[in-house]
Each structure stands twice: as C-alpha cells, then as structure tokens.
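Since the structure comes first, as structure tokens, the remarks are kept for the end.
The values are calculated or read from the model by the stated rules, or taken from the named source; none is laboratory data. Values in this document were obtained by computation on a predicted structure and should not be read as measured data. Virtual Cβ from ideal backbone geometry, glycine too; neighbours counted across all protein chains shown. Heavy atoms of the whole protein, side chains included, go into the accessibility calculation; ligands, DNA and RNA do not. Shrake-Rupley method; radii C 1.70, N 1.55, O 1.52, S 1.80 Å.
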Amino acid sequence: MSNDSREALMVGRRSDGSVVRRPLSPHLQAYDMLQMSSLLSILHRASGVALTAGVLLLVWWLVALASGPAAFAAVQWFLGSFLGLLVLFGVTVAGWYHTLAGIRHLAWDAGYGFRIEQMYRSGRLVVIGTAVLTLLTWVLAIVAWVS
Amino acid sequence: MAEGVKRLQTPLGRVRGLGSARSGTHHWWMQRVTSIALVPLVVWFAAAAIGLAGAGYEASAAFVADPVNAVLLLLLVGVTLHHLAAGLQVVIEDYVRAEGVRLAAVWGVKAACLVLGLFAAVAILRIAV
Ligand code: HEM
C-alpha cells in the first residue's frame, strides 16, 4: 500500500461483497478495447487531445493575419501543403467526432440514453454523423475553394 | 436513479458540496458549461472556415474585421481554451502519477493556454479595431 489517494481506486468488491484489490473503472486492463462502448470513450479523449493541433493552427493563422501579407502567405502555404491538408483533415474528423460524442456525453449527464440499446444506437449515430459531417465539410470547402 | 438510497453524506457536507478536493464540482461544471457553449460556436466556425477556404489575405482580414465575426472568434477562442485547459488537466491527472511532474504539467498546460488565448485575442483585436 502506498499513500497515494488513487489506491482507493484499487479497492473492488466481488459480487458476494468481499474486498479484492483490482482496478475500478475506468481502467484499460479491465476493458475489451474493441467493443463499441470503450472504443468510443477513449476516442472522445483522443479527439479532444488531438484538437490541440487545430487550436495551434487557428492561433497561428490569426497571428499571421494580424502580422501582414508575408506571414499570412506562410500559413496559407503550410495549410495548402500535403502535411497541412492532412492535419486539417484530421482536425475535421476529430472535431466532428468530439462534438457529436460530446453531445452524447451531455445527454448522459442529463440522465438520458443509458439503456444498453440506446447506448449502441447513439454510438452508431455518432460514428455515422462524423463521417457525414466530415464529407460535407470537405465537399463544401473544395467547392468554395475552386469557385 | 438514487431514489430509495439513503444518503451517506451529512447535511452540512451536502450544503457545502465541496468534497475532498475543496473545490466542489466547479471544474466539472465549467467543463459542461463550456461544452454547451462550444456546440453553436464550433458549427459557426466550421461554416466560416468553409467560406474562407482558398481566401486570400484581403478577404480573410475583411472577415475577421467584421465586428460580429470578431466577437464570435473571441468567444470561440476564449471558451475553447478554457475547455481545452480543463480537459487536458483531467487527462494529465489520470495518467501522470508523480505529484511534482503532475503539478508542473497541469500548470504548464494552463500557462500555455493562457498565452495562446492572449495571442489570439490581440491578433483578432488588432485586425478588427
Ligand atoms: C462542440 C464542441 C465540444 C463539445 C460538445 C465538447 C464536449 C466535451 C465533454 C462533454 C467533455 C467531457 C468528457 C468527459 O467527462 O469524459 C469534453 C472533454 C474534452 N474536450 Fe471537449 N467538447 C467540444 C469541443 C472541444 C474542443 C474544440 C477541444 C479542443 C480544442 C476540446 C477538448 C477536450 C479535451 C482535451 C477534453 C478532455 C478529454 C477527457 O477528459 O477524456 N473539446 N469535451
């Protein structure tokens, strides 16, 4: 035993009520990471962290725009490069996924959608919605770009 | 859900609502408030970014200079960075065990988010004002 307060998360109970030292949720060792519930959960975290890249790009874009045409040309060059487009695409996927999964989270917080079949339905909606919104965003952006 | 379950918390503890962290549910609550605020802001921003695809310097500057766009951008940046700092804090607290490293990482993230927010705000105001 250590003095770390998180040891408290290692005190589980068997179904008969007796105490056992094992991790309580959420814990990677206790989950099948390929089932929808835990996969979508970790992806919400991953997408939130990945969106940091989007924030950095936005701040760079704004500061360059405020600095003048030369600095702005540099950002636009990067955003139009292969790497830049790849990052933008990743940010689009992460952004829509995190938004939709976030709304799902807020519904749970309000007490809705906990039944197992509702959970699977909302999970599928989040995945399909992410694909649809990402596609829509890029189609519209490309149309705006070429016109 | 908890109907019929007897409360283990004392009435005073419930009124104070502070728990062992001494800050109650403020962090969690602000993460929900910023999440709700971000939904319309993110949708607006996606539409704005689509419209700006391929736009040059003049058109981009004119977009940010519009007062409505400038205010929405300031809101987006401010709320996003609050939400991001709070979110990354939770992630760090989950995975970084050593007390000193954890504190340094959380403070580092908060400082970085503050600095990024200030840069963005100054840039927006410089273009718009
Ligand atoms: C429509 C917009 C958004 C919504 C509805 C939303 C919703 C949420 C919610 C509900 C949580 C808490 C999850 C939990 O308690 O497990 C969360 C966490 C988080 N969000 Fe967002 N968010 C949005 C936008 C963003 C943006 C733009 C960023 C980054 C720049 C971001 C970064 C994060 C991070 C890093 C976390 C922590 C992840 C975790 O604890 O697992 N979010 N978000």
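Per residue, how much accessible area does the stretch A:23-147 have with a 1.4 Å probe, in Å²?
Values: 7250 Å² over 125 residues.
Accessible area per residue, the stretch A:23-147: 58 Å².
Using only the heavy atoms of the protein chains and a 1.4 Å probe, how would B:I92, A:I103 rank by accessible area, largest first?
On the way: B:I92 25, A:I103 75 Å².
I get A:I103, B:I92, largest accessible area first.
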Probe 1.4 Å, all protein chains in place: accessible area of B:K110 in Å², nearest 10?
-> 80 Å²
Rounded to a whole %, the carbon-and-sulfur portion of the accessible area of the protein assembly as shown at a 1.4 Å probe is 71 percent
What residues does the stretch A:43-63 have that are buried by at least 20 Å² of accessible area in the full protein assembly compared to the chain on its own, 1.4 angstrom probe?
-> A:R45, A:V49, A:T52, A:V55, A:L56, A:L58, A:V59, A:W61, A:L62, A:V63
Delta accessible area of at least 40 Å² on complex formation, residues of the stretch B:45-59, 1.4 Å probe, chain isolated as reference = B:I50, B:A53, B:Y57
If you average the sequence gap of Cα pairs under 8 Å that are 6 or more apart and divide by the length of chain B, what percent do you get for the contact order?
-> 28 percent
Ballpark to the nearest 100 Å², how much total accessible area do A and B bury together, probe 1.4 Å?
-> 2900 Å²
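Where the convex hull is taken over the Cα atoms of the stretch B:36-129, what is its projected area averaged over directions, in nm²?
Details: hull surface 27.8 nm².
Quarter of the Cα hull surface area: 6.9 nm².
Work out the length of the dipole vector of the protein assembly as shown about its Cα centre, built from +1 on the beta-carbon of each Lys and Arg and -1 on the beta-carbon of each Asp and Glu, and round it to the nearest 20 debye.
On the way: 20 positive and 12 negative charges, 195 e Å.
Result for the protein assembly as shown is approximately 940 debye, rounded to the nearest 20.
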Positive-end residue, chain A charge dipole about Cα centroid, Cβ charges, pick of A:S67, A:G90, A:G12 = A:G12
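Select from chain A the helices, each a whole stretch of DSSP H, whose alpha-carbon atoms run 27 Å or more along the helix axis and whose Kyte-Doolittle mean is at least -0.5; answer none if there are none. Display every interim value, and only then the final one.
Details: long enough: A:36-67 (46 Å, 1.61); A:82-109 (39 Å, 1.09); A:116-146 (45 Å, 1.36).
Correct list, ordered by number: A:36-67, A:82-109, A:116-146.
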Given a 1.4 Å probe, how much area per residue of the stretch B:23-128 is accessible, in Å²?
-> 53 Å²
Note down the magnitude of the dipole of chain A about its Cα centre, charges +1 on Lys and Arg C-beta and -1 on Asp and Glu C-beta and zero elsewhere, to the nearest 20 debye.
-> 300 debye
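With +1 on each Lys and Arg Cβ and -1 on each Asp and Glu Cβ, how big is the dipole of chain B about its Cα centre, in debye rounded to the nearest 20?
Working: 10 positive and 6 negative charges, 144 e Å.
Charge dipole of chain B: 700 debye, to the nearest 20.
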Normalised by the residues of the stretch A:34-146, what does the relative contact order come to in percent, with Cα pairs under 8 Å and at least six apart?
-> 32 percent
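When you have a sec, figure out the Kirkwood radius of the stretch A:84-147 from all distinct Cα pair distances and drop it here in Å to one decimal? The partial results should precede the final answer.
Numbers: mean 1/r = 0.0772 Å⁻¹.
By the Kirkwood definition, the hydrodynamic radius is 13.0 Å.
For the protein assembly as shown, what does -39500 (n - 2.57) per DSSP helix run (n ≥ 4), summed and divided by total residues, give at 222 nm, in deg cm²/dmol to the nearest 500?
Numbers: 9 runs with 204 residues, N = 276.
When only DSSP H runs of four or more count, the value is -26000 deg cm²/dmol.
Rounded to the nearest whole Å³, what is the per residue volume of the convex hull around the Cα atoms of the stretch A:34-146? Mind dumping the intermediate values first?
Details: hull volume 13.3 nm³, N = 113.
So the per-residue Cα hull volume is 117 Å³.
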